[in-house]
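S.K.: Encoded as structure tokens, here's the structure I'll be asking about.
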Amino acid sequence: SALCGSQTAFVSSFSTNGAALQSKTPMKLDMFFATEAADDDTAAASTTKESMDVKLTPLDGSESSVINAAKFMVDSFWLQSPQNLIDGGGDLSSISDASKSSLTNIQADDLLSKYGERMGKRKLDALIVVASDGSSDTKSLSTDDILGLVTIEVRLLNSNDLLSADESEFRLTQAVASLGPKQRREYKDASVLDIARELLPPEVTAVCSLSNLCTSPKARRMGIAAKLCSEAERLTKEELSFDEIYLRVESENEAAKKLYENKLGYQCKFEASATALRVDAERGGFVEVDSDIVVMSKKL
């Protein structure tokens with residue numbers, strides 16, 4: 001490969017109650033990295049609306065805000081991506097209102113489980129950042145107000161295997177639970193970085209990942225994707241205390257790779273065989289398809 005030489009089998013984090021998923025089988029969505037659609041050109045911003053006032057706001061995790069984010073992802077990412085993520089190559093006209101509603105419900109359930117409000121503190125930090133027009137009220141954003149979004153998630157990396165949220169949390173919990181009572185108290189408020197560094201094997205590390213990057217069709221080629229990535233990087237470094245950020249992109253998504261590698265300074269860490277998601281237009285769900293991916297990172 002021109003990008004990098006190492007290759008591995010990527011273990012998918014998509015699951016349905018732990019059962020193995022079959023390719024082309026309808027599934028419950030459990031997203032870790034959605035393949036990013038780089039539908040944005042930073043160079044074009046100079047000739048379009050470079051001076052556009054864009055607000056970048058982390059969502060508060062309320063149910064309404066996360067559901068709006070889910071609606072936006074279905075409309076702008078799954079159904080109108082330049083990559084065409086509809087299984088079989090269909091278009092927007094092939095999606096019924098019932099299928100679209102089903103897709104939105106599945107996406108909302110997934111986002112609420114990872115980024116929504118919950119009792120107690122999350123062991124693994126996760127947040128949604130949205131871009132909106134500067135004139136919008138960020139406290140009451142509607143789906144139409146959103147110009148783009150990106151998510152940030154903390155996960156464990158086991159050599160060349162990016163673990164799911166559930167598996168990451170399980171390993172961290174087990175590592176602390178295996179200690180004696182006094183030691184467990186010492187790690188009660190420890191950071192994920194400290195727990196991974198001090199209690200897990202050296203090949204297992206905590207990493208921060210950028211995922212689900214998408215922009216509205218009406219706001220593409222305005223530099224918004226690059227702005228969202230920059231904000232994700234800032235939050236990763238300043239708020240989450242990580243000095244490197246990871247992302248995953250499908251190998252055939254040349255536009256995305258160009259944005260990340262050439263414009264934003266990401267470098268390939270490894271390549272992998274993986275499963276990716278596509279929209280099942282008829283059933284209003286998602287199916288898995290085989291895909292080659294590139295996992296990239298950037299030092300902050």
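S.K.: What does the charge count near Asp292 come to, summing +1 for each Lys or Arg and -1 for each Asp or Glu among other residues with Cβ under 9 Å from its Cβ?
M.R.: After counting each charged neighbour, the total is -4.
S.K.: Net charge near Ser136, counting Lys/Arg +1 and Asp/Glu -1 over other residues with Cβ under 12 Å of its Cβ?
M.R.: After counting each charged neighbour, the total is -3.
S.K.: Answer rounded, prolate or oblate for the stretch 70-165, using the Cα gyration tensor with square roots of eigenvalues a ≥ b ≥ c: rounded when a/c is under 1.5, else prolate when a/b is larger than b/c, else oblate.
M.R.: It comes out oblate by the Cα gyration axes.
S.K.: Here's another thing I want to ask about it. Note down the net charge around Asp194, summing +1 for each Lys or Arg and -1 for each Asp or Glu among other residues with Cβ under 13 Å from its Cβ.
M.R.: Once all neighbours under 13 Å are counted, the net charge is 0.
S.K.: Per-residue HN-Hα couplings for the stretch 174-180, Karplus 6.51 cos²θ - 1.76 cosθ + 1.60 at θ = phi - 60°, whole Hz, x for Gly and Pro?
M.R.: 5, 4, 6, 5, 6, 7, x
S.K.: Arranged from highest to lowest average of other beta-carbon atoms within 10 Å per residue, in what order do the peptides 255-268, 190-203 appear?
M.R.: Going from most to least packed, we get 255-268, 190-203.
S.K.: Starting from 0 in steps of 10 Å, tell me what percent of the Cα-Cα pairs of the stretch 207-280 lands in each bin.
M.R.: With a bin width of 10 Å, the distribution comes to 16, 48, 32, 4.
S.K.: Starting from the Kirkwood Rh over alpha-carbon pairs, what translational D in µm² s⁻¹ does the stretch 169-241 have by Stokes-Einstein at 10 °C and 1.306 mPa s?
M.R.: 106
S.K.: Output the peptides 81-88, 142-149, 110-117 sorted from most to least packed, where packing is the average of other Cβ atoms within 10 Å over each peptide's residues.
M.R.: Averaged packing, sorted descending, gives the order 142-149, 110-117, 81-88.
S.K.: Can you work out the accessible area per residue across the stretch 149-271, with the rest of the protein chains kept in place, probe 1.4 Å, in square angstrom?
M.R.: Per-residue value: 44 Å².
The values are calculated or read from the model by the stated rules, or taken from the named source; none is laboratory data. Everything numeric here is computed off the predicted structure, so don't read it as measured data. As a convention, Cβ positions derive from the backbone with ideal geometry for all residues, glycine included, and neighbour counts pool all protein chains shown. Ligands, DNA and RNA are excluded from the accessible area calculation, which covers all protein heavy atoms including side chains. Shrake-Rupley method; radii C 1.70, N 1.55, O 1.52, S 1.80 Å.
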